[in-house]
Amino acid sequence: MQISEIKLDAPDIVDGYYLNLLDWGSSNVLTIALGNTVYPWDGSNGSTSELVTIDDEDGPVTSVNCAPDGQHIAIGMNNSEVQLWDSTANRQINGISLEEHTSAVKALAWCPFQSNLLASGGGGDDRCIKFWNTHTGACLNFVDTGSQVCALLWNKNKGELLSSHGFSQNQLTLWKYPSMGKMAEFTCHASRVLFMAQMVAQWQLQQQMKHLNSGMSLGSRKWQNLLQKQILSPYRM
């Protein structure tokens, strides 16, 4: 039986299984949305602070996502807006609000290879994935996915974005960025695909492959290439 090391009180957390209200950033800070308020909790010292409380007519908060730099946080709201915050300075970034969605924003994903690029996904009345320049607030591109956008996940190594969906198709779609052409689509789920995770064993497998290079026959190299294509890309299913 496993016992938790730390327990955090979470009063007013919204009971909505399709919301994304927690994100653990690279600086060991957990960001959590409780109702209309966003709190960063510092895992290194156990301290908690209040980042922002949004107005009742705009809330509740429906999603949070920490940038790879560990400093910036995107906050999606029930009123279809996205706000960008600097958690170290405790202020909104340049007063920017991203306002082109038409329903609650439940999916957010900062790009791991372009620091000023954010992807956001709207609910059932919107169905769109939008891409934003977080320095200027400009919408760079968008695509209508045909379904509620539940979650977004960037490939950490190249220009690919995986989206998961709810009503009406419950699909997983792999997109090529920035063209947003469909690379693959999976429609085998009977209900919403709420969460996704990227493979963590990719680097270890690549290291093992290096040790296999010396002395391999041509046939063995063909099998190695096939294995790399099927396993090393985090999104290949």
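Observations
- Within the stretch 1-56, the set of residues being part of a loop (DSSP other than H, G, I, E, B) and of a type in the set (D, E, K, R) comprises Glu5, Lys7, Asp9, Asp12, Asp15, Glu50, Asp55, Asp56.
- Ser63 vs. criteria in a strand (DSSP E or B) and either at pLDDT 95 or above or among the acidic types (Asp, Glu) (or both): yes
- Restricting Thr88, Thr134 to those that are buried (at least 22 other Cβ atoms within 10 Å of the Cβ), over 26 Å from Tyr17 (Cβ atoms) and either out of contact with any Cys (no Cβ under 6 Å at 6 or more places or on another chain) or in the same structural domain as Ser49 (by TED's automatic domain parsing) (or both) reduces the list to Thr134.
- The single condition from (1) within 24 Å of Ser164 (Cα to Cα); (2) crowded, with 16+ Cβ neighbours inside 10 Å; (3) at pLDDT below 95 that Asp15 fails is (2).
- When Phe131 is tested against (1) aromatic (Phe, Trp, Tyr); (2) at pLDDT 95 or above; (3) farther than 27 Å from Pro60 by Cα, just one condition goes unmet, and that condition is (3).
- Identity of the residue in the stretch 100-113, under 14 Å from Phe131 (Cβ atoms) and more than 14 Å from the chain's Cα centre (by Cα), that ends up surrounded by the fewest Cβ atoms within 10 Å (Cβ to Cβ): Glu100
- Sole exception among (1) at pLDDT 95 or above; (2) farther than 25 Å from Ser120 by Cβ for Val149, by number: (2)
- Residue in the stretch 140-152 that is of a type in the set (Asp, Glu) and closer than 19 Å to Lys182 by Cα present: yes
The values are calculated or read from the model by the stated rules, or taken from the named source; none is laboratory data. Keep in mind the model is a prediction, meaning the values are calculated, not measured. In this analysis, Cβ positions are derived from the backbone assuming ideal geometry, glycine residues included, and neighbour counts consider all displayed protein chains.
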